[in-house]
């Protein structure tokens, strides 16, 4: 039976029930006048608003979230203190956890997980192209030697010959002041211009000289100091060969000759040596005596046409 109660006209007063025994209203009670309130005091843990005999412990604010919710009273009572929306609460139909459990759920934004998280796939974390394999089983690449085509040199031949553009000069490569001369020849016959200053002693090797028969030969390309022992000669010296004379004009050459005599008392026949000029016209006699030593010097200013002889010292023992 449905009966409309007109609260404005005093059809029903809740005060009728105060202090009386339990009163049960069967059927549907409809309050049609929205201008009047049905105010139920907050529960005291035992008494209060009950649905199907179960005390409702949620507040009115919490209950207003439940518009459209199909959960039972027992299920809804766990929502005391929960701030979820009605749509979120509809998923609670049949849930048996308590409010403490619900409030303990991790938020969707920046959740903190404990224990083992199930259901999360590599796609969820942006690693859908990554396989869960150990380093030992990962595929390895086999390296092959690159070809000249791989590095853009397909037209280059594999040889050791480098051809420089015809006509390239030392100046083209920033070496205009460098002559094409090997280190060996550069150091063996250096050409010095300007004043040369040596801060240490100068040591020279003895040049190459030979003597036999009536001839003495020196090679001025091998040094500036020479020595001969006339014991190797068979007679007086009538030929004096001075080889490899510098041919550059306006340059002089000079050398020193150490002459050691023998028991045969050899001498130089200076009159037959027309390219050697001595002060006063006549050359010196070589000191007689086995082991006697004379030292002579020779200088040319005209590339060997004339050599000027001078005595450095004689009769050294």
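The values are calculated or read from the model by the stated rules, or taken from the named source; none is laboratory data. Bear in mind the structure is a predicted one, so any value in this text is a computation, not a measurement. Counting neighbours? That spans all protein chains shown, and the Cβs are built from the backbone with ideal geometry, glycine included.
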* Are any of the residues in the range 170-178 over 30 Å from residue 269 (Cα atoms), at pLDDT below 85, more than 33 Å from the chain's Cα centre (by Cα) and loosely packed, with under 10 Cβ neighbours inside 10 Å? -> yes
* Determine, yes or no, whether residue 303 is surrounded by 15 or more Cβ atoms within 10 Å (Cβ to Cβ), over 60 Å from the mean Cα position of the chain (by Cα), modelled with pLDDT of 95 or more and at positive phi. => yes
* Report, by residue number, each residue of the range 268-299 that is in contact with a helix residue (DSSP H, G or I) (Cβ under 9 Å, 6 or more places away or on another chain), closer than 11 Å to residue 309 by Cα and surrounded by 13 or more Cβ atoms within 10 Å (Cβ to Cβ). => 276, 278, 283, 284
* Go through (1) more than 60 Å from the chain's Cα centre (by Cα); (2) surrounded by fewer than 16 Cβ atoms within 10 Å (Cβ to Cβ); (3) within 19 Å of residue 207 (Cα to Cα) and name the single condition residue 265 misses. => (3)
* Asked: Given the conditions (1) in contact with a helix residue (DSSP H, G or I) (Cβ under 6 Å, 6 or more places away or on another chain); (2) over 24 Å from residue 316 (Cβ atoms), which single one is not true for residue 211?
  -> (2)
* Of the numbered conditions (1) in the same structural domain as residue 287 (by TED's automatic domain parsing); (2) in a loop (DSSP other than H, G, I, E, B); (3) in contact with a strand residue (DSSP E or B) (Cβ under 9 Å, 6 or more places away or on another chain); (4) exposed (fewer than 15 other Cβ atoms within 10 Å of the Cβ), residue 204 fails exactly one; give the number of that condition. => (1)
* To do: Note down all Cβ pairs under 9 Å where the first residue falls in the range 132-146 and is free of Cβ contacts under 8 Å to residues at least 60 places away in the same chain, the second is surrounded by 10 or more Cβ atoms within 10 Å (Cβ to Cβ), and they're at least six residues apart or on different chains.
  => 132/122
